[in-house]
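Following: one structure in structure tokens, then a few remarks.
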Amino acid sequence: MGRGFLTGTMDETTPFGGNDNRASLPRFTPEGRKANRSVVDLLQDNGGRKHATPAHVASAWLLARKPWIVPIPGTTRLHRLEENIAAADIELTAEDVRSIDAAAAMITVQGDRYDQSEAARTSR
């Protein structure tokens, strides 16, 4: 979920290993992670009311938006797959979705998604 960021388990002090490509991404600089923490806080606040993790709320929000939108989280660990599947059990009301939408609209995500070479390669 968001390269691990939306799990709520990392902050600006989280180290990345030598082969972790997030270390080269503008959004994952310590400053970017600190500035973007408000996204995780929003998800955690909503998750607290639903007894759900920030990642669950992010997936449930996508599922609640349109019936043809399906999040495709990537993972290499079985327990993460099971965690991702559990998001389908989180029920967000129309008011929950409107509340998340309104709060998210007030947040400006800091840092580009890709570094310059990756952006050029993906035309983004």
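The values are calculated or read from the model by the stated rules, or taken from the named source; none is laboratory data. Because the structure is a prediction, the values reported are computed rather than measured. Ideal geometry is used to build each Cβ from the backbone, glycine not excepted, and the neighbour counts take in all protein chains shown. Keep in mind that these areas ignore ligands, DNA and RNA; they rest on the heavy atoms of the full protein, side chains included. Shrake-Rupley method; radii C 1.70, N 1.55, O 1.52, S 1.80 Å.
Considering region 59-75, and only residues there that are modelled with pLDDT under 85 and either within 23 Å of Thr9 (Cα to Cα) or touching a His at 6+ places or on another chain (Cβ under 8 Å) (or both), the residue that is most open to solvent (accessible area, probe 1.4 Å) turns out to be Ile72. In region 1-28, the residues that are without any contact (Cβ under 8 Å) to a residue 60 or more places away in the chain and on the phi > 0 side of the Ramachandran plot form Cβ pairs under 8 Å with partners that are surrounded by 15 or more Cβ atoms within 10 Å (Cβ to Cβ) and part of a loop (DSSP other than H, G, I, E, B), at six or more places apart or across chains, as follows: Arg3/Leu25; Gly4/Met10; Gly8/Thr53. Taking the criterion of being open to solvent by less than 40 Å² (accessible area, probe 1.4 Å) and either charged (D, E, K, R) or in contact with a Cys (Cβ under 9 Å, 6 or more places away or on another chain) (or both), the only residue of region 80-99 that qualifies is Asp96.
Conditions tested, residue by residue: (1) open to solvent by less than 20 Å² (accessible area, probe 1.4 Å); (2) within 27 Å of Ala86 (Cβ to Cβ); (3) in a helix (DSSP H, G or I); (4) out of contact with any Gly (no Cβ under 7 Å at 6 or more places or on another chain).
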| residue | (1), (2), (3), (4) |
| --- | --- |
| Leu6 | no, yes, yes, yes |
| Met10 | yes, yes, no, no |
| Asn19 | no, no, no, yes |
| Glu31 | no, no, yes, yes |
| Gly47 | yes, yes, yes, yes |
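When each of Ala104, Ala55, Ala60, Ala94 is tested for being over 14 Å from the mean Cα position of the chain (by Cα) and among the hydrophobic types (A, V, I, L, M, F, W, C), the lone residue that passes is Ala94.
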